[in-house]
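One structure is given here, and the rest of the page talks about it.
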Amino acid sequence: MRIAIQGQQYSFHYVATLQWFENDSIDFVYCKSFEEVFQLVRSSSVDYGVVATHNSDLGDIEIVSALITSYQPTIIDTLTLRVEQNLIGFSKDIDEIYSHPVALQQCSIFLEQHYPNAKLVEWHDTVGAVEYIASLKDPSKAAIASNLAGEEYGLSTIADTINNDSENSTDFIVFSNTN
């Protein structure tokens, strides 16, 4: 079964997909944008798409709402995943922090309190940000992502559960083509 998700292996989309399709054999198709997921489902290049639609801290993800209206997919199910954002890197002495824009927003209070002078760099995916930081091997750079992503790329967790809302969760939809 081919399933398109926004992000890459070990992302929250990846974990949500595994949760829903727990016993199925999945061939993941990793996308850099939400729209790419919708395009692949519409073209029947994949069987399903999985995208985040709502976050308990930030509300509806407007771009996804617009894509649902535009593409009108068949929504199969919804699921909720508890999301813990963590600061991942090499050291606490950080001048740049990379992550998906939503993750940066979800951690704004921690960032303002602990890293007010750090440059925040938007990245297409939380795991992609960790992968990039790992490739740089620069201790002044860090990423916000899951601990799973940090472990996968051999980086340390500098600070656990830094999201604004300790009960942070994200809703996802599983959808297929309308045809």
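Readers should treat all values here as calculations from the given coordinates under stated rules, not as data from a laboratory. Bear in mind the structure is a predicted one, so any value in this text is a computation, not a measurement. Here the Cβ positions follow ideal geometry from the backbone for every residue, glycine too, while neighbour counts run over all protein chains shown.
Rounded to the nearest 5, what % of the DSSP beta bridges within segment 86-159 are antiparallel ones?
50
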Just to confirm a number: summing +1 for Lys and Arg and -1 for Asp and Glu over residues other than Gly89 whose beta-carbon lies under 15 angstrom from that of Gly89, what do you get? -4
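With a cut-off of at most 14 other beta carbons within 10 Å, and DSSP calling the residue loop, which GluC sites (Glu not before Pro) in segment 9-79 qualify? Please list them.
Answer in residue order: Glu22.
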Vicinal HN-Hα couplings computed from phi for segment 167-178 (Karplus, 6.51 cos²θ - 1.76 cosθ + 1.60; Hz; Gly/Pro x): 9, 3, 9, 10, 8, 10, 10, 10, 9, 10, 6, 6
Could you list the trypsin sites (Lys or Arg not before Pro) in segment 3-96 that lie in coil according to DSSP, counting only those with at most 14 other Cβ atoms within 10 Å of their Cβ? Lys32, Lys92
Taking a crude spin-label model, label points 7 Å out from Cα along the C-beta direction, the Ser166 to Glu122 distance in nm is 3.1
Over the chain, what relative contact order in percent results from Cα pairs under 8 Å that are six or more residues apart? 33
Cα long-axis angle, helix 126-136 against the chain (0 to 90 degrees, to the nearest 10): 50
Normalised contact order of segment 86-159, rounded percent, pairs of Cα under 8 Å and 6 or more residues apart: 52
Using only Cα atoms, tell me the angle between helix 62-71 and the longest principal axis of the chain; keep it within 0 to 90° and round to the nearest 10. 20
Taking the beta-carbon count within 10 Å as an exposure proxy, list His114, His100, His13 from fewest neighbours to most. His114, His100, His13
Per-residue ellipticity at 222 nm attributable to helices in the chain (runs of n ≥ 4 DSSP H, -39500 (n - 2.57) apiece, nearest 500 deg cm²/dmol) works out to -9000 deg cm²/dmol
Rounded to the nearest 5, the percent of antiparallel DSSP beta bridges in the chain equals 60
